[in-house]
Every structure is written in C-alpha cells, then in structure tokens.
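Chemist: Supplied in structure tokens, the structure appears directly below.
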Amino acid sequence: MQPETPSSFRLICFPECAGSTAYYLSLSELLLPTVEVLVVQYPPAIDGGQGEHVTDSPELVDRVLDALREWTGRPVALFGHRAGAALAYRVAERLERESESAVLTLFVSGSTAQRDSGRRDTPLGPPVLACRIVALAGEHDPKTPLHAVRAWRRCTRGRFDLEVFPGSRGYLDASRREVVNLVHDQLLSQSNLDAEWEFGADDKGA
C-alpha cells in the first residue's frame, strides 16, 4: 500500500490468522499520516498445521523477512496479536540480528511470552531484543493472565510497558481508539523534536 503523504514510521501488523487482515487495514483510517500501516498476508500453505492460525515457524519468518526487505527504509514497529505476536517477536529478533533496520517498538497483544513455539513452560533465557516492547492485554482474559504477559519484559534489554484494557479478549474492537492512541504515543515519543514540531503536539492520539 502506498500512502498519499510521506510517513515517518511503518507499522507492520501480524494478525492472528489468515482471515483477519481487514481489521488492521481499518486502523490506517484512524492513525495519522505519521504512521503507515502494512499488514502481513500469510501464505495459505503455511499454517503450522493449525488451520488458519499461524505459528512462528522458521520458514514463515524467512518469507516475511523477504517480503519486508523493500519496506525497511524507514523506522519500523511491529504489532502482533495473539498467534501473530510470537511471529512478530521472531521477525524483530532477526531484523535486529541480521540487518541495520531499526525496530522502534514491538507491540505484543493478547499473548504470553514464549521463546519456543508450542513450549509454553520453557524458561526464558537472557533477553535478545534491544527494542522497546509494549504488551497489550485484556484485564480479565483467562488465556493471557497478566503475570504471564509481564514476562515479555524479560525478552528485551530495552524499555517494557504493559497496557491493560477493560474486559477480556475483545479489547482491540472495544478499545480501538485507545489502541490507536497508544501506538501514536509510543512511536512519537521516540521521534526527534523536528518530527514532533512537524505534526504538532495536539495531533498525538487524534
């Protein structure tokens, strides 16, 4: 997708499954031109054996990285929801390790921290990421208890923030405006002063 006005950041979205890309494209209507939204479209043949749901398989990570090579000329942030969070984490790890691309923020939504897909009880080792991680969670989501979501802090040497939304698993819809505000605030807080003056302090979270 090509924006009509130049953007300062690119937000790469990793949906939970192959059929949920429309939600993330709709976010571009709420986000300022500061942020360009790109959504990963998963190949139907790569589903980790879980129907439409994706995994962080090495093959899929490789294919995503190949698709992103022409889009990393500007600072990028990654946003992964549920199963897409683990994939976004793997992609961020590879981007930091294998390229000069700057990952500003990794947003992980509705997901507990895990290093090895399918091995939820594996202890986390030393952090491998340098970028900021922002974890989003529903306050009463039984599948992502807050103590397990907080474990994402052990995945980065950078800053960690936890944002808790009312309700359970439907906060991306129920709190869509708040999620958009969060993305704006997190990205703009890392921009330089020139970018802040260009777009105006009053535009943040609009």
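Chemist: Taking only pairs six or more apart or across chains, which ones have beta-carbon atoms under 8 Å, a first residue in the stretch 135-147 that is in contact (Cβ under 8 Å) with a residue 40 or more places away in the chain, and a second residue that is among the polar types (S, T, N, Q) and open to solvent by less than 10 Å² (accessible area, probe 1.4 Å)?
Modeler: Hits for this filter: Leu136/Ser109.
Residue by residue, here is whether (1) closer than 26 Å to Phe165 by Cβ; (2) assigned to a loop (DSSP other than H, G, I, E, B); (3) at pLDDT 90 or above holds:
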position	(1), (2), (3)
Ile12	yes, no, yes
Glu36	yes, no, yes
Pro43	no, yes, no
Thr55	yes, yes, no
Asp62	no, no, yes
Leu65	no, no, yes
Tyr89	yes, no, yes
Leu95	no, no, yes
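Chemist: Kindly indicate whether any position in the stretch 122-138 is among the basic types (Lys, Arg), in a strand (DSSP E or B) and at pLDDT 90 or above.
Modeler: Looking through the stretch 122-138, at least one residue is among the basic types (Lys, Arg), in a strand (DSSP E or B) and at pLDDT 90 or above.
Chemist: Of the numbered conditions (1) loosely packed, with under 14 Cβ neighbours inside 10 Å; (2) modelled with pLDDT of 90 or more; (3) on the phi > 0 side of the Ramachandran plot, Arg157 fails exactly one; give the number of that condition.
Modeler: (3)
Chemist: List pairs: first in the stretch 52-64 and surrounded by 17 or more Cβ atoms within 10 Å (Cβ to Cβ), second at pLDDT below 95 and aromatic (Phe, Trp, Tyr), Cβ under 7 Å, 6+ apart or cross-chain?
Modeler: As it stands, the answer is Val54/Tyr42, since those pairs meet every condition given.
Chemist: Follow-up. For the stretch 88-106, what are the residues that are in contact (Cβ under 8 Å) with a residue 40 or more places away in the chain and under 18 Å from Tyr42 (Cα atoms)?
Modeler: Ala88, Tyr89, Val91
Chemist: Here is a check on your reading of the model: is Pro75 open to solvent by 10 Å² or more (accessible area, probe 1.4 Å) and touching a Leu at 6+ places or on another chain (Cβ under 6 Å)?
Modeler: Criteria met by Pro75.
The values are calculated or read from the model by the stated rules, or taken from the named source; none is laboratory data. What you see is a predicted model, and the numbers here were worked out from it, not measured in a lab. Methodologically, a virtual Cβ is constructed for each residue, glycine included, from the backbone with ideal geometry; neighbour enumeration extends over all protein chains shown. For accessibility, only protein heavy atoms count, side chains too; no ligands or nucleic acids. Shrake-Rupley method; radii C 1.70, N 1.55, O 1.52, S 1.80 Å.
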